[in-house]
1. Give the residue that is farthest from the chain's Cα centre (by Cα), with candidates limited to residues of region C:60-77 that are within 7 Å of another protein chain (Cβ to nearest Cβ) and within 26 Å of B:Trp83 (Cβ to Cβ).
2. So which residues in region B:340-376 are without any contact (Cβ under 8 Å) to a residue 12 or more places away in the chain, more than 8 Å from chain C (Cβ to nearest Cβ) and outside any helix (DSSP H, G or I), if there are any at all?
3. Residue by residue through region B:294-328, note down the ones that are aliphatic (A, V, I, L, M) and assigned to a loop (DSSP other than H, G, I, E, B).
4. Looking only at region A:365-372, decide whether some residue is of a type in the set (Val, Ile, Thr), assigned by TED's automatic domain parsing to the domain that holds A:Lys407, in a loop (DSSP other than H, G, I, E, B) and free of Cβ contacts under 8 Å to residues at least 40 places away in the same chain.
5. Looking at A:Phe268, A:Phe215, which is the one that is surrounded by 17 or more Cβ atoms within 10 Å (Cβ to Cβ), at pLDDT 90 or above, within 30 Å of B:Ile363 (Cα to Cα) and not hydroxyl-bearing (Ser, Thr, Tyr)?
6. Out of (1) buried (at least 22 other Cβ atoms within 10 Å of the Cβ); (2) out of contact with any Cys (no Cβ under 9 Å at 6 or more places or on another chain), what's the single condition that is false for B:Ile31?
7. Considering only residues that are modelled with pLDDT of 95 or more and either in a helix (DSSP H, G or I) or within 14 Å of another protein chain (Cβ to nearest Cβ) (or both), which ones fall in region B:392-428?
8. Those residues that are among the basic types (Lys, Arg) and surrounded by 16 or more Cβ atoms within 10 Å (Cβ to Cβ), I need them from region B:37-80; list them, please.
Amino acid sequence: MASYETVIGLEVHCQLQTHSKAFSPDSAAFGARPNHHVDPVSLGHPGTLPVLNRRVVDFAVRLGLATHSRIAPRSVLARKHYFYPDLPKGYQISQFEDPICTGGYVDIGRRIRLTRIHIEEDAGKSLHDQDPESTLLDLNRCGVPLLEIVTEPDLRSAREASLFLQKVRQLVRYLGISDGNMEEGSLRCDANVSIRKASRAPLGVKTEIKNMNSFRHVERAIEYEVARQVCVAKAGGTTREQTMLWDPIRQETRPMRSKEQAHDYRYFPDPDLPPIVVTPEACAAIKATLPELPDARHTRYVTDLGLPAYDAGVLTDERPLADYFEAVLAALLALDGAPGVHACAKAASNLVMGDVLRALKANPSAGFPVSAQRLASLAHLRMSGAISSSGVQELFMLMMTQKGTAKEIAMRHNLLQVSDDAALIPVVAQVLAANPMQVEQYRSGKKSIIGFFIGQVMHGFEGSADPKRVRVLLSKALDSPAP
Amino acid sequence: MRWATFGSTRAALARGETTCEAVTTTFLRAIARKRHLNIYTYVDAEGALRTAREQDRQLATGEAPPLAGLVLAVKDVLCIRNWPVTCASRMLDGFNAVYDATAVARLRRQGAILIGRTNCDEFAMGSSNENSCYGPVLNPRNEIYAPGGSSGGSAAAVAAGLCHAALGTDTGGSIRQPAALCGVVGLKPTYGRVSRYGLVAFASSFDCIGPLTNSVEDAALILAAMAGVDERDATSAPVPVAPEPVGLTDAARCAGAALRVGVPKEFFGEGLDSTIRCSIEAILHRLRAAGAVVKDVAMPHTRYGIATYYILATAEASSNLGRYDGLRYGYRPAPDGRKRIDLHALYAQARSEGFGKEVKRRIMLGTYVLSSGYYDAYYAKAQRVRALIREDFDKAFQEVDALVTPVTPVPGIKLGSMINSPLKMYLSDIYTVTANLAGVPGLVIPIGAHASGLPIGLQLLGRPFDETHLFRLGELMMQLAKD
Amino acid sequence: MTVSVEQVRYIARLARLAFSPEEERELAEEMSAILGYMQTLDELDTSDVMPMTHVLDLAGVVREDVVQPSITAEEALRNAPDSCGDYFRVPKVID
């Protein structure tokens, strides 16, 4: 395959989290009983008219700004005509010639250019497998708002396509405009795939792959399709321009019935809908409400907080986690005696990426198990040396079920360790005085014997002394000239 | 009929000379007597009488709504909750509306008594009311003639004294032309003046709901009751409705005489019936004598009106009628025994059997002009010419307050005479379509009669949202016509 | 301007209509005449005219994102030629 370059463009459909539908005031909520969220507009009843939902425009602008797109001051809703039982009007309201966003990009390590982002409405659902002799229609989804994101053919591998999609998912979740759930269909993706001999060669004939409803499927389907096209090319054949369906059971792409492929959508501007207007003021107002986006956050975590790139990546993956981390860090920095920002950030990061993420994974629906303020108290305790690394884990578990600050709970459960010199120095002196032979061995070069002394001192505190501090004090005493 | 107009009925009700119930009963009897005219497709005698009795009680206590006693028929293309709406098409056989059209709801709230639905051309497509699954309507003035179309039933109902007023719809002249041919008053309001919500769409950027009445005053009252912005129609205009001149006083008529009136020579060219021409010239003479300024104006793009209109209107119609497929409502052919049917065949069978000939012809034309490769040559071109036609009006209205024109080139349409010559039928709309292309209001008034008994109508066209001037001028000219 | 029977068939297919061969011939003739007449617009130079989609100068008309009570599922299905439980039922669709 090395001799061919893969060229991929994606069309991503993202369902928006609005209360009502794109063009009618019935509920857009997912999961209702079939045909319980249908008003006469969604049903395409005679005489009904669409009226655009303001929030759909706001969401489109949010995504447009987040992807560095040009926001059209005026854009046009158009009708796209095709017949299908779950499309009640015989056309879908979409955008054609004048979309709301153009010319943006998304960085996935490389810059992937976006052709456009446009507003459209979803269709209903056809159920073909419930009844052998008929198809059943649930029209609840009719009119639910979508944004379609179309990329330039800039993606070069199945892996990149998947990365791009994940990036889009992260972005729409950050922006609060979609849950980005591929399995439930709120994020959908079609891929246009072609191959060419050299990277400067003109684009080859593309096929369009549909029906990929997970990131894995996207990768698998594209890999399969690329291999298929290479096979065809190597055998001296040419790829036919057609629509392929991904079959996740058989793990292969196969062509859709070619009969329905001759599309002539007869787009024209919808006479029922005046142009969409986004004034510079409205645009600025929306911009002011945008959250800090994952890329910017990532950069800030590395440069300002001194976190490793890996930590920054994990922490910024989901906005709630990043927000939580920052709340912990802020609370920690506000505590007395907190060390510098970098040290605090790392301490907070360790706890969030370790204990907190583990707890979240175990019980995803429960939310953050410990408040940011309390987690900061735990980080603070740990940094002061008053608790051991194993003690931290135990204490975190206790904090999930008990009230109080980290210190209060640690005291209740005897988890604090002694790291106070005033308490440690007399015991260190006692241990050295009681073991003159071992002191002699140390001073004559057998440095490893310090472990013996540490054990003795720890024993004196029943294990609750800070071993790091004990080592420091012992070294200091042993390395000083004999009295 | 003693109280043919609502204005006179209202006065009689106020004097206690009649009751709403008596008026309604009179109309119901007339409907029964004139059944052979084939005007009504549905009569709700019980509902109308119930409302009438309720209003009589309200009149007694002084709580009656302002239009109490207005017996109103509604063209069979407007939705009325729990009433059938068929658009005179087999396609909507058995369909009952689940909501009220906004215009109907507003009139109902103000006291209109809904008596029934009137026959029309299928989906409002036609100029003779012969394209109806119920068969043609006979012109009450001369029964071997058609009443005109598409609101033929509404015009005939008013002319035959089967209601005070009827609602019609006007996409290319469908209120004005039958009003002229039946000798009643017909108003096509400014596009956007009356909400289209609940009007079964033919061509969305042209469709208007308006009244057909026996007096200008009734038309003004009904317009005021149903006009105004509607959150269900994004193309309804937020333009305040001028308070209608109650009783169209002498002062109003005087104001009418102070107007400047334009006569576009393009509307008086070859092909215009000479009696119609003479009648209009005679009345213009009297208008001049009454003090109005009458002057020639140029409307150079009038001759392109028919081509422009039929491109745009059929394109929009082909889209609007895509929803009729017999899947979710409406006509579904009997199963042909096959368990699985090709999707295309399923649609094609329902639509070919459900739609009549003219509707199918227009869907074909509209689909053609929108199809790949033809859009620019036809649709986009016509949209540009539409702008030029609008410009003609804007320029004319800089010089004059209203235009006076004929309504139809021919004195009447004999039943069966045009049904097989679609282009000839289309060309007869020459004087009405430009108002729809430009979105301006048009008022038709009766000004005389041919020897055949067929009436002669005159059309007044006004500035957008300036129906008030049309009412004043119309009232004045009707007076002048009688003198 | 001539519309062929083949074009009529293509357009009929797009519009989901079916015609008999005789109707197809008749339509080809009528459409040729009507579309031919429509070409009178070519007489006009419209190169500097903007296409007009709306006669009203309205723009930015939106509604707030508020759910309003609507019809019941029973009402939604009442007009259906065929239904099954909460679903509309249509003949089996072959993709």
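The values are calculated or read from the model by the stated rules, or taken from the named source; none is laboratory data. Everything quoted here is computed from the prediction, not taken from an experiment. Glycine also receives a Cβ, built like all others from the backbone with ideal geometry; neighbour counts cover every protein chain displayed.
1. Here is the first cut: in region C:60-77, the ones within 7 Å of another protein chain (Cβ to nearest Cβ) are C:60-68, C:70-71, C:73, C:75-77.
Going one step further and asking which of them are within 26 Å of B:Trp83 (Cβ to Cβ), we end up with C:68, C:70-71, C:73, C:75-77.
Numbers: C:Gln68: 29, C:Ser70: 27, C:Ile71: 26, C:Ala73: 27, C:Glu75: 26, C:Ala76: 23, C:Leu77: 24 Å.
Out of the qualifying residues, it is C:Gln68.
2. Once the filter is applied, which keeps residues that are without any contact (Cβ under 8 Å) to a residue 12 or more places away in the chain, more than 8 Å from chain C (Cβ to nearest Cβ) and outside any helix (DSSP H, G or I), region B:340-376 yields B:Ser372, B:Gly373, B:Tyr374, B:Tyr375.
3. Within region B:294-328, B:Ala298, B:Met299, B:Leu327 meet the criteria.
4. Within region A:365-372, the first condition is being of a type in the set (Val, Ile, Thr), and the residues that meet it are A:370.
Subset that is assigned by TED's automatic domain parsing to the domain that holds A:Lys407: A:370.
So of that shortlist, the ones also in a loop (DSSP other than H, G, I, E, B) come out as A:370.
Now narrow it down to the ones that are free of Cβ contacts under 8 Å to residues at least 40 places away in the same chain: A:370.
Yes: region A:365-372 contains one or more residues that are of a type in the set (Val, Ile, Thr), assigned by TED's automatic domain parsing to the domain that holds A:Lys407, in a loop (DSSP other than H, G, I, E, B) and free of Cβ contacts under 8 Å to residues at least 40 places away in the same chain.
5. Selected residue: A:Phe268, the only one of A:Phe268, A:Phe215 that is surrounded by 17 or more Cβ atoms within 10 Å (Cβ to Cβ), at pLDDT 90 or above, within 30 Å of B:Ile363 (Cα to Cα) and not hydroxyl-bearing (Ser, Thr, Tyr).
6. (2)
7. If the condition is that a residue be modelled with pLDDT of 95 or more and either in a helix (DSSP H, G or I) or within 14 Å of another protein chain (Cβ to nearest Cβ) (or both), then B:Asp392, B:Phe393, B:Asp394, B:Lys395, B:Ala396, B:Phe397, B:Gln398, B:Glu399 are the ones that fit.
8. Across region B:37-80, the qualifying residue is only B:Lys75.
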